[in-house]
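Here's the structure we're looking at; comments come further down.
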């Protein structure tokens with residue numbers, strides 16, 4: 001039996017090979033067949049999840065919260081020492097220097113990542129900006145968000161911090177960071193559907209063991225997760241979800 005391993009579509013394009021390397025390593029060490037699913041958008045991810053095609057999921061925290069509470073997915077791991085922080089950036093030539101410079105009616109580009117939007121709205125509170133007072137400009141990728149703000153077609157863009165750091169040096173030189181979050185309690189989560197609970201121990205052992213064998217560092221560096229993965233309990237996942245609920249209030 002082969003399990004489908006779905007990866008959230010918010011990783012940087014250069015990490016694509018790393019996920020395939022990890023998938024191959026996990027198959028070899030767990031003895032379980034894994035088929036990697038890499039949706040190109042949040043919409044495609046939702047389609048696959050709704051169709052019940054995902055047995056394992058590397059999910060952003062917002063989606064993970066829904067899957068845990070409404071679909072019974074089991075949290076069992078998360079990236080070690082890597083949290084989901086976000087950046088609000090403007091163009092280097094925009095004249096804006098802080099979030100308070102953003103005014104009602106401003107245009108902000110963002111992807112479909114709801115956790116990034118959730119944190120971003122909190123960071124905009126010093127500017128007295130509510131969701132309804134912003135002209136949202138949806139984009140398919142963080143690269144597109146960067147292009148819009150550099151061209152001056154939006155006043156600011158929301159980025160997952162890791163995605164911002166993965167932009168080219170040339171691109172980052174044309175951007176100015178207005179603010180970066182420092183929550184340190186919200187992260188992506190690796191989940192398993194209850195139907196594969198009996199195979200979970202072998203998969204968890206293989207995943208948490210990454211970093212202990214020769215060559216593992218190459219895989220983890222390709223993923224942008226040099227510290228590998230650490231266990232995540234149901235209790236820890238519930239704490240993270242409660243924190244996100246607090247951010248929503």
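Here, each number is a calculation from the coordinates, and none is a lab measurement. All figures in this text were calculated on a predicted structure; none of them were measured in a lab. Please note: Cβ atoms are built from the backbone with ideal geometry, for glycine as well, and neighbour counts cover all protein chains shown.
Points to keep in mind about this one:
- Mean shadow area of the range 86-180 over all directions, Cα convex hull, nm²: 5.0
- To the nearest ten degrees, helix 142-151 and the longest principal axis of the Cα atoms of the chain are 10 degrees apart.
- Compared with the dominant Cα axis of the chain, that is its longest principal axis, helix 16-30 is turned about 20°.
- Residue order, fewest to most beta carbons within 10 Å, for 151, 117: 151, 117
- Counting only DSSP beta bridges whose two residues both lie in the range 86-180, roughly 60 percent are antiparallel.
- Least to most buried among 106, 98 (fewest other Cβ within 10 Å first): 98, 106
- Separation of the range 20-68 from the range 139-193 is 23 Å, based on Cα centroids.
- When Rg/Rh (Cα atoms, Kirkwood Rh) is computed from the coordinates, the matching label among (i) 0.98; (ii) 1.15; (iii) 0.95 is (i).
- Listed peptides 180-193, 37-50, 77-90 by packing density, highest first (mean Cβ within 10 Å): 77-90, 180-193, 37-50
- Relative contact order (%) - criterion: Cα under 8 Å, at least six apart; region: the chain: 31
- The angle between the Cα long axis of helix 61-71 and the longest principal axis of the Cα atoms of the chain comes to about 50 degrees, rounded to the nearest 10.
- Normalising the average separation of contacting C-alpha pairs (under 8 angstrom, six or more residues apart) by the number of residues puts the relative contact order of the range 180-249 at 30 percent.
- Per-residue Cβ neighbour rank within 10 angstrom, fewest leading, 137, 177: 177, 137
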